[in-house]
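Participant: Here it is, the structure in full.
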Amino acid sequence: MPEHDLALLIDAARLAGAIALRHWRQAPQVWEKPDGQGPVSAADIEVNEALAAYLRSLRPTYGWLSEESEDDTARLSTESQFVLDPIDGTRTFLKGETAFSHSLAVVKNGQVTAGVVYLPAQDKLYAATIDGPATLNGVEIRATTPTTSIDARVLTGKGALSPDQWPGGVPTISRHFRSSMAWRLCLVAEGAFDAMLTLRPSWEWDIAAGSLIAARAGARVTDRRGAPLHFNAADPRSAGVIVASPDLHTELIARLLAAELTPK
């Protein structure tokens, strides 16, 4: 049942938060991942190991996909999987800032059925199930409903607004940014921002939990081509992510795909 999985994820997120906060602002050991994938710390690894031990002991039939675990393709033959990022926003965490999160989701048959994003340094816990409301610390949240991109508050990187990405014209938005992608999705869910977009391939562990929370808050969530997100793929990346109210989402997709939609 999704609600049972959600309760488990909430407990696991708080466990992760307690471990992360023991390392936070304490200069944990840090090293660089290969191929320019960024830093990883002793805190990331300890959180990952604790989550694996806790969650897999209670749901031994679930597959496992985590940023800090070697991918086991056995997950592809399981019906349900845990998909998680032990610490999303590691650079922010290492700087001693508060905008890092733990992103935990359960996926079943390609869909996220329960998700939690927890910011322990701010004590903010976002949660949702596939058939329930999106909440922040137990209180229901809703996304905004702008009808146009004009002055819309959008979480995105500078590179996503390059003119060559937008054959239909770059939207006239107010750009903002947060380092944790999982939190960006939740900020749209709670109405703090109007949209979030990334045009780069996006790892499932960064977006699984937040995508469900945003969708249950009323936002439309797709890849950069307007297709629904599908999880537990052999290559666990989506073709970007667009999250916004239905009207704004329609405009953003139309601008991105304008060249393909123009009659030849």
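The values are calculated or read from the model by the stated rules, or taken from the named source; none is laboratory data. Worth saying up front: this structure is predicted, and the values here are computed from it rather than measured. All Cβ positions, even for glycine, are placed from backbone atoms using ideal geometry, and neighbour counts span all protein chains on display.
Participant: Just checking, how many residues over the range 145-177 are modelled with pLDDT of 95 or more, more than 14 Å from His249 (Cα to Cα) and of a type in the set (Lys, Arg)?
Facilitator: 1
Participant: Let me ask you something else. Just for the range 190-215: of the residues that are assigned to a loop (DSSP other than H, G, I, E, B) and among the hydrophobic types (A, V, I, L, M, F, W, C), which one is surrounded by the fewest Cβ atoms within 10 Å (Cβ to Cβ)?
Facilitator: So in the range 190-215, the residues assigned to a loop (DSSP other than H, G, I, E, B) come out as 190-194, 199-201.
Applying the additional criterion that residues be among the hydrophobic types (A, V, I, L, M, F, W, C) yields 192-193, 199.
Numbers: Ala192: 17, Phe193: 23, Leu199: 20.
Ranking the qualifying residues of the range 190-215, first place goes to Ala192.
Participant: Which of (1) without any contact (Cβ under 8 Å) to a residue 40 or more places away in the chain; (2) buried (at least 19 other Cβ atoms within 10 Å of the Cβ); (3) closer than 24 Å to Thr222 by Cβ is the odd one out, the single condition Lys108 does not satisfy?
Facilitator: Here Lys108 meets the rest and fails (2).
Participant: Read through the list (1) touching a residue at least 60 places away in the same chain (Cβ under 8 Å); (2) farther than 20 Å from Lys158 by Cβ; (3) touching a strand residue (DSSP E or B) at 6+ places or on another chain (Cβ under 9 Å); (4) in a helix (DSSP H, G or I), then give the number of the only condition that His249 fails.
Facilitator: Evaluating His249 over (1) touching a residue at least 60 places away in the same chain (Cβ under 8 Å); (2) farther than 20 Å from Lys158 by Cβ; (3) touching a strand residue (DSSP E or B) at 6+ places or on another chain (Cβ under 9 Å); (4) in a helix (DSSP H, G or I) leaves (1) as the failure.
Participant: Is it the case that the range 85-102 has a residue that's in contact with a Lys or Arg (Cβ under 7 Å, 6 or more places away or on another chain), more than 30 Å from Leu252 (Cβ to Cβ) and at pLDDT 95 or above?
Facilitator: Scanning the range 85-102 turns up at least one residue that is in contact with a Lys or Arg (Cβ under 7 Å, 6 or more places away or on another chain), more than 30 Å from Leu252 (Cβ to Cβ) and at pLDDT 95 or above.
Participant: Continuing with the same structure: Within the range 160-195, can you find the residues that are of a type in the set (D, E, K, R) and in contact (Cβ under 8 Å) with a residue 12 or more places away in the chain? Spell out how you get there, then give the answer.
Facilitator: Filtering the range 160-195 for residues of a type in the set (D, E, K, R) gives 164, 175, 178, 184, 190, 194.
Hits for the range 160-195 are Arg175, Arg178, Arg184, Glu190, Asp194.
Participant: Related question: Which condition breaks for Ser149 when tested against (1) surrounded by fewer than 17 Cβ atoms within 10 Å (Cβ to Cβ); (2) assigned to a loop (DSSP other than H, G, I, E, B)?
Facilitator: (1)
Participant: Specify the residue that is nearest to the chain's Cα centre (by Cα); the eligible residues are those in the range 1-14 that are surrounded by fewer than 18 Cβ atoms within 10 Å (Cβ to Cβ) and at pLDDT 95 or above.
Facilitator: Among those that are surrounded by fewer than 18 Cβ atoms within 10 Å (Cβ to Cβ) and at pLDDT 95 or above, it is Ile10.
Participant: Please determine whether any residue of the range 39-59 is at pLDDT below 95, not assigned by TED's automatic domain parsing to the domain that holds His230 and not polar (S, T, N, Q).
Facilitator: Yes.
Participant: Something else now. Just a yes or no: is a residue in the range 23-31 at positive phi, surrounded by fewer than 17 Cβ atoms within 10 Å (Cβ to Cβ), part of a loop (DSSP other than H, G, I, E, B) and at pLDDT 95 or above?
Facilitator: Taking the range 23-31 and keeping what is at positive phi, we get 25, 27.
Within this subset, residues satisfying the condition of being surrounded by fewer than 17 Cβ atoms within 10 Å (Cβ to Cβ) are 25, 27.
Right, trim to part of a loop (DSSP other than H, G, I, E, B) and you get 25, 27.
The next check asks that each one be at pLDDT 95 or above; those that pass are 25.
The answer is yes; a qualifying residue exists.
Participant: Among the listed residues Ile242, Ile207, Ile213, which satisfies the condition of being aliphatic (A, V, I, L, M) and more than 24 Å from Leu6 (Cα to Cα)?
Facilitator: Working: Ile207 fails: more than 24 Å from Leu6 (Cα to Cα); Ile213 fails: more than 24 Å from Leu6 (Cα to Cα).
After applying the criteria, what remains is Ile242.
Participant: Residues of the range 216-239 being within 19 Å of Glu3 (Cβ to Cβ) and either assigned to a loop (DSSP other than H, G, I, E, B) or touching a Leu at 6+ places or on another chain (Cβ under 9 Å) (or both), which ones? Step through it out loud before you land on a result.
Facilitator: Narrowing the range 216-239 to residues within 19 Å of Glu3 (Cβ to Cβ): 216-217.
Matches in the range 216-239: Ala217 only.
Participant: List every residue pair whose Cβ atoms sit under 8 Å apart, with the two residues 6 or more apart in sequence or on different chains, where the first one lies in the range 122-133 and is surrounded by fewer than 24 Cβ atoms within 10 Å (Cβ to Cβ) and the second, anywhere, is in a loop (DSSP other than H, G, I, E, B) and hydroxyl-bearing (Ser, Thr, Tyr).
Facilitator: Sorted first by the residue in the range 122-133, then by its partner, the pairs are Gln122/Thr98.
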